[in-house]
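*Asks:* The structure that follows is given in the form of structure tokens.
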Amino acid sequence: MADDPKSFYDRLAANYHLIFEDWQASIDRQASILAPILEHECGRASSKRILDCACGIGTQSLGLASRGFSVTGCDFSSASVDRLRSESTRRGLSIPSFVADMRDLSQVPGRDFDAVICMDNALPHLEDDERVLQALVQIRSKLSYNQLLMASLRDYDRLLRERPVVQEPVFYRGNGRRRIVHQIWDWIDDRRYSFHLYITCETEQGWENQHYVSYYRALLRDELASLLQAAGFTNIRWLSPAESGFYQPIVLATAA
């Protein structure tokens, strides 16, 4: 049975870094891609106050903070926020972090951020358009006029045509141990699918398997654009992975 997304990330928080070959290298690589986009969109002279409204354990927040951005993080997973706090402290970074669902950001202090980011396919965890719109309205409330929302999500326009059932295994080696990471997708209907994340690690006692299950709802580009407009955004545009170098398509939108 699939966990709700909050429970999924609470369970995964301690081991989330294992889905990367080298988490710190991924933190640095993603920051090297996202920082120039934010600087271009927000202006180099800006203080670049960023709200990461689906911060998780900090894959984007940590990298951007290390590059001089003033980052605030929030996430509905308390275990993930706790992990971000410990990781930022260990790196000597100041990232105020809060437990908050992106559909209700009232617990996050401050307004007039230069940008809100929502990365790693977070919006498709929301079960219907009403919930997505609720999140986008909350995000808009945290932005200054003419400032930026940046989100990334899977290319569902393509994936709904292909309806894949597996994300191919990747094989890693670290600290003298091998690791295999892959996903199985079970399509529930024409939009929703549960995904099974398997992290299989070599230990002294043999191979140990971790299994996490949750769900997504495929969100098409035109649908997201309509919801962004309804929430008070304009100038909606997309960056493909080939254009940005990021692993997922990125949508940019300006607060009207």
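The values are calculated or read from the model by the stated rules, or taken from the named source; none is laboratory data. Since we're looking at a predicted model, the values are computed, not measured. All accessible areas refer to the heavy atoms of the entire protein, side chains included, with ligands and DNA or RNA removed. Shrake-Rupley method; radii C 1.70, N 1.55, O 1.52, S 1.80 Å.
*Asks:* Residue by residue through region 172-183, which ³J(HN,Hα) values in whole Hz follow from phi under the Karplus form 6.51 cos²θ - 1.76 cosθ + 1.60 (θ = phi - 60°), with glycine and proline marked x?
*Replies:* For region 172-183, the Karplus-derived couplings read 10, 9, x, 6, x, 10, 9, 8, 10, 10, 7, 10 Hz, x marking Gly and Pro.
*Asks:* Rg and Dmax of the chain, Cα atoms, in Å?
*Replies:* When restricted to the Cα atoms of the chain, Rg and Dmax are 17.8, 57 Å.
*Asks:* I'd like to check one number: the per residue accessible area of region 166-241, probe 1.4 Å, reported in Å² as a whole number.
*Replies:* Details: 4140 Å² over 76 residues.
Spelled out: the 1.4 Å probe surface of region 166-241, per residue, equals 54 Å².
*Asks:* Over region 1-138, with every protein chain in place, what whole percent of the accessible area is carbon and sulfur at 1.4 Å, could you tell me? Don't jump to the answer; show the numbers that get you there.
*Replies:* Values: 2750 of 5820 Å².
Carbon-and-sulfur percentage of accessible area, whole number: 47.
*Asks:* What do you get for Rg/Rh of region 138-236 when both radii come from the Cα atoms and Rh is the Kirkwood radius? Walk me through the intermediate numbers first.
*Replies:* Numbers: Rg = 18.8 Å, Rh = 16.6 Å.
Ratio of gyration radius to Kirkwood radius: 1.13.
*Asks:* For region 1-98, what number results from the quotient of the Cα radius of gyration and 2.2 N^0.38 Å?
*Replies:* Values: Rg = 13.6 Å, N = 98, 2.2 N^0.38 = 12.6 Å.
So region 1-98 has a normalised radius of gyration of 1.09.
*Asks:* Please calculate how many Å² of accessible area region 52-91 carries per residue, with a 1.4 Å probe and no DNA, RNA or ligand atoms counted. Intermediate values should be presented prior to the final figure.
*Replies:* On the way: 1240 Å² over 40 residues.
Using a 1.4 Å probe on heavy atoms only, each residue of region 52-91 averages 31 Å².
*Asks:* Just to be sure I understand the rule: take each whole DSSP H helix in the chain, project its Cα atoms onto its long axis, keep it if the span is 20 Å or more and its mean Kyte-Doolittle hydropathy is at least -0.5. Which ones pass?
*Replies:* Values: long enough: 23-42 (27 Å, -0.01).
The answer, listed by residue number, is 23-42.
*Asks:* Follow-up question, since we're still on this one. Can you give me the P(r) profile for region 113-170? Cα pairs, bins 5 angstrom wide beginning at 0, each as a whole percent.
*Replies:* The calculated distribution, bin by bin, is 4, 15, 20, 22, 17, 9, 7, 5, 1.
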